[in-house]
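The values are calculated or read from the model by the stated rules, or taken from the named source; none is laboratory data. Values in this document were obtained by computation on a predicted structure and should not be read as measured data. A quick note on method: Cβ atoms are made from the backbone with ideal geometry, for glycine too, and the neighbour counts reach across all protein chains shown. In case anyone asks, the SASA skips ligands and DNA or RNA and just uses the protein heavy atoms, side chains included. Shrake-Rupley method; radii C 1.70, N 1.55, O 1.52, S 1.80 Å.
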Amino acid sequence: AEPIEYEGQPQVLLVITDVTNTKEVERLKAIDQLKTEFVANISHELKTPLAAIKAYAETILMSIEMLDQQTLNEFVQIIYKESQHLESILEGLLDFSKLEQRMMTLEKTTFDLTGLVRETMRSIEELARSKQVRLELLTKEPVLIRADQKRIKQVITNLVNNGIKYSKEDSQEKYVRVRIERKGDKVLIEISDNGLGIPKEYHEKVFERFFRVGTVMDHRVEGTGLGLTIAKQIVELHGGRIWLESEPNVGTTVFVELPVGDER
Ligand code: ADP
């Protein structure tokens, strides 16, 4: 700054802009925007199964005498399935708030991770088939770890589900492959798909809460933007790491590294 004179004394005028504050305002704005999108997403997520439940229940109420046993059965099945879907969305929200408040505790036991992954993939098989995605478990041998079985299952379910959800609609030979490898006192789980992929600038952002690639407008796929956040928090609670490699239009591989823990 140019020195200026004031009552014979040289003076310096300093203009200080609080950059940190501007950045903070921008950060808060971004969080606010994510929250708005989150509310839109979650409302839509809840509304879809709820609308189906309501419509099928109404049809049954209005015309129960006209429905044959098979149709009635079908409708009740849909109501049941959609209720389960609602329940899983709510469970995700509850887990998220538990994790945020650091209230989640792990119940560790020793189990075979390969077996757990096999069982998990079996329970998602039907969904995968309906989207023409082939599920493959490349590892056959058992890998013992000490961890919270229910929570690890939740992580695997989330990651395999994402592989199915974000597959390319028009593509042939769609797959989600899982590989498990023991490396010293750690185990590495790789979940790969040949789906939509994620642009490089979002490889870390997708693990942040509420974050989804693209805008609400171009979301063909339903979601809350919490799946990867929950997965990351569960993995880190176990003392592990999670990261991904991905290329748009080629596919994504998510890596989960867990300590095997005390196997006894
Ligand atoms: P949700 O699926 O509910 O949006 P996630 O936290 O599981 O939330 O994922 C965040 C975002 O990361 C998704 O919205 C999607 O844009 C992107 N994403 C996650 N997994 C994949 C994948 N396997 N392939 C392509 N994009 C993915």
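The figures follow:
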item: Mean Cα-pair separation over length for the stretch 171-264, i.e. relative contact order, pairs under 8 Å, 6 or more apart, %; result: 36
item: Pairwise centroid distance, computed over Cα atoms, of the stretch 90-136 with the stretch 1-35, Å; result: 48
item: Whole-percent carbon and sulfur share, accessible surface of the chain, 1.4 Å; result: 54
item: Exposure rank, largest accessible area first [85, 203; 1.4 Å]; result: 85, 203
item: Candidates 60, 156, 180, ranked by Gaussian network fluctuation over the chain, Cα under 10 Å, top entry; result: 60
item: Helix-only CD estimate at 222 nm, as mean residue ellipticity for the chain, using -39500 (n - 2.57) per DSSP H run (n ≥ 4); result: -16500 deg cm²/dmol
item: Extent along principal axes [Cα atoms of the stretch 66-202; Å; largest to smallest]; result: 64, 40, 36
item: Zero-based 10 Å bins, Cα pair distances in the stretch 128-264, whole percents; result: 12, 43, 34, 10, 1, 0
item: All-pairs alpha carbon distance profile, the stretch 38-116, 5 Å steps from 0, percent; result: 3, 12, 15, 14, 13, 12, 11, 9, 6, 4, 1
item: Percent RCO, i.e. relative contact order, over the chain, from Cα pairs under 8 Å lying at least 6 residues apart; result: 18
item: Overall form of the stretch 1-78 per C-alpha gyration tensor (a/c, 1.5; a/b vs b/c); result: prolate
item: Distance between modelled label sites at residue 208 and residue 26, nm, 7 Å Cα→Cβ extension; result: 1.2
item: Under 26 Å from the Cα of residue 140 - lysines, other chains or at least 8 residues apart; result: 108, 131, 150, 153, 165, 174, 183, 186, 232
item: Accessible surface, 1.4 Å probe, highest first, among residues 67, 226; result: 67, 226
item: Ellipsoid semi-axes in whole angstrom, largest first, where each is sqrt(5λ) of the Cα gyration tensor of the stretch 1-141; result: 57, 27, 14
item: Rounded accessible area per residue of the chain, 1.4 Å, Å²; result: 64
item: Helix axis angle, 227-237 relative to the chain longest principal axis, alpha carbon, degrees; result: 80
item: Overall Cα dimensions of the stretch 167-231, principal axis frame, Å, largest first; result: 45, 32, 20
item: Gyration tensor (alpha-carbon) shape descriptor, the stretch 77-157, a/c threshold 1.5; result: oblate
item: For the chain, diffusion coefficient by Stokes-Einstein and Kirkwood Rh (Cα), 10 °C, 1.306 mPa s, µm²/s; result: 74
item: Solvent-accessible ranking of 244, 106, 237, largest area first, probe 1.4 Å; result: 237, 106, 244
item: Listed residues 173, 45, 136, most fluctuating in the chain (Gaussian network, C-alpha, under 10 Å); result: 173
item: Heavy atoms of residue 87: accessible area, 1.4 Å probe, square angstrom to 10; result: 110
item: Candidates 103, 62, 121: whichever shows maximal mean-square fluctuation once the chain is modelled as a Gaussian network with Cα springs under 10 Å; result: 62
item: Area of residue 178 that stays accessible when all protein chains are in place (1.4 Å probe, Å², to 10); result: 0
item: The stretch 1-76: relative contact order in percent, alpha carbon pairs under 8 Å with at least 6 residues between; result: 14
